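Accompanying notes for the structure given below.
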Amino acid sequence: MLSPRWRKVLRDVWAHRARMLLVVPAIAVGLVAAGSVLNTWALVERATRLGYAASNPPAATIKTERIDQALLDLVRADPAIADVRGRRTVRAAMRTPLRSVVAELFTGDDFGDQRIGLVKPEAGAWPPVDGTLVVERSSVDFAAISLGDEASVSIGGATVTLPVSWIARDVGLAPGWMEHVVYAFVSPATLESLGQPSTSTDLQFTVADASLDQDGVRRIAYRIKAVVEGTGRSVFDVLVPVPGEHIHTG
């Protein structure tokens with residue numbers, strides 16, 4: 001004998017049977033779709049993590065005044081350091097054939113011999129040729145720009161028109177379309193043509209012990225910070241991400 005509560009449930013279901021025939025399949029489809037989205041996200045996250053690890057990302061970045069070969073050699077001599085490089089990042093205004101955007105220009109000492117934060121060429125010529133831009137893949141659609149197009153780049157009062165000579169992928173960057181910024185790689189000479197110094201200011205390194213956690217890397221980073229300051233340079237920031245974790249997988 002059914003209880004009054006269950007008899008009421010059955011009566012309500014029968015009274016609204018037409019609606020139930022619509023609701024039940026809709027819920028089933030929704031559950032299947034949600035499962036598909038979660039599975040897809042898991043695959044994307046795994047691919048992102050593996051691709052990020054394969055790029056040999058920097059374990060830490062120390063922002064300072066200037067970096068020369070003597071400082072790189074000094075840091076590389078530390079037994080805890082696997083490799084080291086210098087980079088410089090500059091914000092610029094960019095005008096592409098269809099829109100005006102904010103750009104981040106990267107230049108460095110390792111474009112011809114990449115060992116840290118590998119940039120994967122996709123089309124065109126690498127490393128960046130003087131007087132040209134290499135645009136990062138995730139920025140292409142946002143910038144509405146293609147290989148062979150020209151972009152006007154301005155920093156301060158200097159404006160230079162540069163052709164896009166290459167499209168490349170840097171998996172260590174947050175997607176340009178998400179950040180609303182155009183990432184581009186330029187040679188030191190190109191940056192100087194915009195009235196900017198090309199001297200590296202971002203000291204990036206990898207560590208010899210790949211099993212270290214964030215605190216372990218941070219201890220090394222602050223020891224290197226002291227080394228940098230010991231040469232008379234100021235240190236403006238020390239950045240230590242979670243090892244092996246991409247900015248968009250955490």
Taking the range 135-158 and the residues there that are open to solvent by less than 40 Å² (accessible area, probe 1.4 Å) and part of a loop (DSSP other than H, G, I, E, B), the one that is nearest to P197 (Cα to Cα) would be I145
Taking the range 77-134 and the residues there that are under 16 Å from V181 (Cα atoms) and among the small types (G, A, S), the one that is most open to solvent (accessible area, probe 1.4 Å) would be S100
Log entry, pairs with first residue in the range 87-100 being assigned to a loop (DSSP other than H, G, I, E, B), second being open to solvent by 70 Å² or more (accessible area, probe 1.4 Å), beta carbons closer than 8 Å, six or more apart or on different chains, reads P97/E150
Scanning the range 217-241 for residues that are closer than 12 Å to A59 by Cα and not in a loop (DSSP other than H, G, I, E, B), the one most open to solvent (accessible area, probe 1.4 Å) turns out to be R219
Going through the range 110-132 in order, the residues found to be touching a helix residue (DSSP H, G or I) at 6+ places or on another chain (Cβ under 8 Å) and of a type in the set (D, E) are E122, D130
Considering residues that are in contact with a Leu (Cβ under 7 Å, 6 or more places away or on another chain) and of a type outside the set (V, I, T), the number found within the range 184-202 is 3
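Per-residue answers, yes or no, for (1) touching a Phe, Trp or Tyr at 6+ places or on another chain (Cβ under 6 Å); (2) at pLDDT 95 or above; (3) among the hydroxyl-bearing types (S, T, Y):
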| position | (1), (2), (3) |
| --- | --- |
| I145 | no, no, no |
| S152 | no, yes, yes |
| G157 | no, no, no |
| W166 | yes, no, no |
| R169 | no, no, no |
| G172 | no, no, no |
| M178 | no, no, no |
| Y183 | no, yes, yes |
Subset of the range 24-79, residues among the polar types (S, T, N, Q) and at pLDDT below 60, comes to S36, N39, T40, T48
Matching residues in the range 184-208 (open to solvent by less than 20 Å² (accessible area, probe 1.4 Å) and assigned to a helix (DSSP H, G or I)) number 2
Filtering the range 159-183 down to residues that are hydroxyl-bearing (S, T, Y) and either over 13 Å from V102 (Cα atoms) or open to solvent by 30 Å² or more (accessible area, probe 1.4 Å) (or both) yields T159, T161, S165
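The values are calculated or read from the model by the stated rules, or taken from the named source; none is laboratory data. All values derive from a computational prediction rather than experimental measurement. Glycine also receives a Cβ, built like all others from the backbone with ideal geometry; neighbour counts cover every protein chain displayed. Surface accessibility is based on the protein's heavy atoms, side chains included, excluding ligands, DNA and RNA. Shrake-Rupley method; radii C 1.70, N 1.55, O 1.52, S 1.80 Å.
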